[in-house]
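**Q** Encoded as structure tokens, here's the structure I'll be asking about.
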Amino acid sequence: MCPSAQRSVLGPLLFLIYINDIDESVGGRILKFADDTKTYHKIRSDDDIANLQSDLCNLASSSKERQMLSNVEKCKVMHFGYNNKKADYFMDGVNFKHVTEEKDLGVIISDDLKWENSVVVQ
């Protein structure tokens, strides 16, 4: 690979422009960092569960339209709160794995939001 191709400024900019409107297909909150996307909702009812699942389907559809398929095998769901219904979610027919903690940007996030196991990786 040509070393100058790794220092492209235009490539990341074009990628951001390409995915910038992905938020329009999602009714809830969405977070994007590089090629990672996270969506989250407050789940208080069955309608909220259906809305989150609808957003996931819309994200899958949007990624297919852009020919940038999501790696659904890496997708996970974390439930917060004591009254959470802990529903199952899926994308493209693949159920998401339920996790109780996950490392995100070097910080371990747990479903109980306690700091005991959280370690900042430098």
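**Q** Among the numbered conditions (1) charged (D, E, K, R); (2) surrounded by 12 or more Cβ atoms within 10 Å (Cβ to Cβ); (3) farther than 22 Å from residue 97 by Cβ, tell me where residue 29 comes up short.
**A** Only one criterion in (1) charged (D, E, K, R); (2) surrounded by 12 or more Cβ atoms within 10 Å (Cβ to Cβ); (3) farther than 22 Å from residue 97 by Cβ is unmet by residue 29, namely (3).
**Q** Do any helices (runs of 4 or more DSSP H) lying entirely in the stretch 1-75 carry at least 1 residues that are in contact (Cβ under 8 Å) with a residue 12 or more places away in the chain, and which ones are they?
**A** On the way: elements: 3-6, 10-19, 46-65.
Because the criterion is at least 1 residues that are in contact (Cβ under 8 Å) with a residue 12 or more places away in the chain, the helices (runs of 4 or more DSSP H) in the stretch 1-75 that meet it are 10-19, 46-65.
**Q** I want to confirm something. Restricting to the stretch 84-111 and keeping residues that are part of a loop (DSSP other than H, G, I, E, B) and without any contact (Cβ under 8 Å) to a residue 12 or more places away in the chain, which single residue is surrounded by the most Cβ atoms within 10 Å (Cβ to Cβ)?
**A** It comes out as 88.
**Q** Any idea how many residues of the stretch 1-13 are at pLDDT 75 or above and among the charged types (D, E, K, R)?
**A** 0
**Q** With the structure loaded, tell me whether residue 90 is within 21 Å of residue 19 (Cβ to Cβ) and at pLDDT 90 or above or whether it fails that test.
**A** Working: within 21 Å of residue 19 (Cβ to Cβ): no; at pLDDT 90 or above: yes.
Against the criterion (within 21 Å of residue 19 (Cβ to Cβ) and at pLDDT 90 or above), residue 90 does not qualify.
**Q** Give me a count of the residues in the stretch 14-57 that are at pLDDT 85 or above and over 13 Å from the mean Cα position of the chain (by Cα).
**A** 11
**Q** Looking at residue 71 and the list (1) under 18 Å from residue 89 (Cα atoms); (2) touching a helix residue (DSSP H, G or I) at 6+ places or on another chain (Cβ under 9 Å), which single condition is not satisfied?
**A** (2)
**Q** If you don't mind, there's one more thing I want to ask. Among (1) surrounded by 10 or more Cβ atoms within 10 Å (Cβ to Cβ); (2) over 24 Å from residue 89 (Cβ atoms), there is one condition residue 17 misses while meeting the rest; what is its number?
**A** Checking residue 17 against (1) surrounded by 10 or more Cβ atoms within 10 Å (Cβ to Cβ); (2) over 24 Å from residue 89 (Cβ atoms), the one that fails is (1).
**Q** So in the stretch 36-83, with the set limited to residues that are aliphatic (A, V, I, L, M) and within 19 Å of residue 102 (Cβ to Cβ), which one is surrounded by the fewest Cβ atoms within 10 Å (Cβ to Cβ)?
**A** The first filter runs over the stretch 36-83 and keeps only residues aliphatic (A, V, I, L, M), leaving 43, 49-50, 52, 56, 59-60, 68-69, 72, 77-78.
Okay, now just the ones that are also within 19 Å of residue 102 (Cβ to Cβ), so 43, 52, 56, 59, 72, 77-78.
Values: 43: 19, 52: 21, 56: 22, 59: 19, 72: 16, 77: 18, 78: 18.
That would be 72.
The values are calculated or read from the model by the stated rules, or taken from the named source; none is laboratory data. Remember, predicted model here, so these are calculated numbers, not experimental data. Ideal geometry is used to build each Cβ from the backbone, glycine not excepted, and the neighbour counts take in all protein chains shown.
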